[in-house]
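The values are calculated or read from the model by the stated rules, or taken from the named source; none is laboratory data. Owing to the predicted nature of the structure, the values given are computational and were not obtained by experimental measurement. Every residue, glycine among them, receives a Cβ derived from its backbone with ideal geometry; neighbour counts consider all protein chains shown.
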Amino acid sequence: MFFMIIMSAFFGGDLFQDYPAFVFFYAVIKLILVSLFFRASNQGLHSESYARESGLIILFGTGISAISVFFETPLREIILVSGILVEMLGIYIVSKRNSEKLKP
C-alpha cells in the first residue's frame, strides 16, 4: 500500500514527466505481487499451479512494461500498455483453464 501511495504522486499534471520513476514503482508493486503468488504456490494448496502460472505471467508482463523505459513517446506508452494487456489476457486464460479443471 505504501508504494501505491507514492505512485499516486505521479498522477499529477504530467504523468510521464518522471517516467522512469513511475515505471520503477509500478515494477516494484508488481514484483511484490509476484512474490506473493510464488509464496502461495509453495504452500501446497490445491491451486499451486494457478498461483505459479499467474506469478510467471505477471512477471512477464512487468518485464514488457519495464522495457518501455528505453523507448521514446509514443512507443513507450504502447509498450507499457502492451505489458498490462499481456498480464490481463494471461490471467484470464489461466483462470479459465483452472476453472475448467475444477468442473466435474
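Note on the range 49-88: among residues that are closer than 12 Å to Tyr19 by Cβ and among the aromatic types (Phe, Trp, Tyr), the one that is surrounded by the most Cβ atoms within 10 Å (Cβ to Cβ) is Phe71. If you go through the range 1-40 and keep only what is among the small types (Gly, Ala, Ser) and either closer than 16 Å to Gly63 by Cβ or modelled with pLDDT under 80 (or both), you end up with Ser8, Ala9, Gly12, Gly13, Ala27, Ser35. The lone criterion from (1) exposed (fewer than 13 other Cβ atoms within 10 Å of the Cβ); (2) modelled with pLDDT of 65 or more left unmet by His46 is number (2).
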